[in-house]
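Worksheet for the structure shown next.
The values are calculated or read from the model by the stated rules, or taken from the named source; none is laboratory data. If you're wondering where the values come from, they're calculated on a predicted model, not measured in any experiment. Cβ placement follows ideal geometry from the backbone for every residue including glycine, while neighbour counts extend to all protein chains displayed. When the accessible area is computed, the model is the full protein with side chains, heavy atoms only, and any ligands, DNA or RNA have been set aside. Shrake-Rupley method; radii C 1.70, N 1.55, O 1.52, S 1.80 Å.
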Amino acid sequence: MRFLRLLPLFLLVITHAPQKGCFKDKKQEEPNYAVLTANAYDMYILDMPMSRDLYREKKIKSRKMMEVSTIDLPAEEGYVVRQDDFDEQGRILKTTYMKEAEKDSIKYEYHSTGQIEKVHAYPQEGDSTTVHYFYDEYGMMSHALFYRDKVTAYEFDHNFYGKMTDKRLSEDSPSYSPVREIYKFNSHGYMIQKLVLTKNVPTAKQKRYYDKKNRISKTEELANGIVMSSRNYLYNEQGLLSIRKDIFRLSRDEEEMKVYEFIYEYH
């Protein structure tokens, strides 16, 4: 298999290549590993906001996502469409999607240092997918390998402040992908935009908005400058995600809204 011949090269690059645009000068003070927290990349990998520290502090065991017809109804009036399970360190272990007969799931593996190492997706129909993340000696994400029926490899750039700015196809990738992602941040260091390019042509954009406590309050998915869908996040007094409102553009004059309420179980 072609990939097996390329793997030593990947490991050589991951181990020895300096991060582009980040800590190039060895004379500069090298960052303390503890500064680059284990959950620094959760906001890139996970699809819903969470703070590991908060989930560990609150001893969250599971988070159930219930679809309700109105925000005023109690959770018991809805039905569970998704469940996320967590360990005692506040890390997500598994996501299960429960809609009709479907039982899609996602499982997460971690390095001993806390970074997400692998994400396995098991759809009800179709091939499973594994994403393997690699990190350098500073804890910075350097490469990712996507496995399905073939292997595709990506590499990442960071700026001087350790923020990921670019995800693109690796020159040594066994297979081709035309997709590239570029990230932008606000003055507080939080990602506010993800731009997706296909063959260097912008094809999609995600915008993120934050509240005064730097929690995600809203995301928007855009195509050709038009908001095609959005998510609004509301939090309870404990700081946990409480309500999510999804709005979908059906046509120029019509949209659909779904409301989800979250309930928690504790260790």
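Observations, loosely collected:
- Normalised by 2.2 N^0.38 Å, where N counts its residues, the alpha-carbon radius of gyration of segment 158-208 equals 1.25.
- Estimated distance in nm for a label pair at Glu109 and Tyr122, the labels positioned 7 Å out from Cα along Cα-to-Cβ: 1.4 nm
- Restricting segment 209-267 to trypsin sites (Lys or Arg not before Pro) in coil, as DSSP defines it, with at most 14 other Cβ within 10 Å: Lys212, Lys213, Arg252
- When the listed pairs Lys64/Lys258; Lys163/Lys207; Lys94/Lys207; Lys184/Lys205 are checked against a 19 Å cut-off, the alpha-carbon distance exceeds it for Lys94/Lys207.
- Computed on segment 90-141, with alpha-carbon pairs under 8 angstrom and 6+ residues apart, the relative contact order is 23 percent.
- Order of exposure, largest accessible area first, which applies to Met164, Met50 with probe 1.4 Å: Met50, Met164
- Near-label residues of segment 207-244 by backbone N, under 20 Å of a point 7 Å along Cα→Cβ of Ser187: 208-217
- Ligands, DNA and RNA aside, Thr96 has an accessible area near 30 Å² when probed at 1.4 Å.
- Segment 107-197: C-alpha gyration tensor shape, a/c 1.5 cut-off, then a/b vs b/c: prolate
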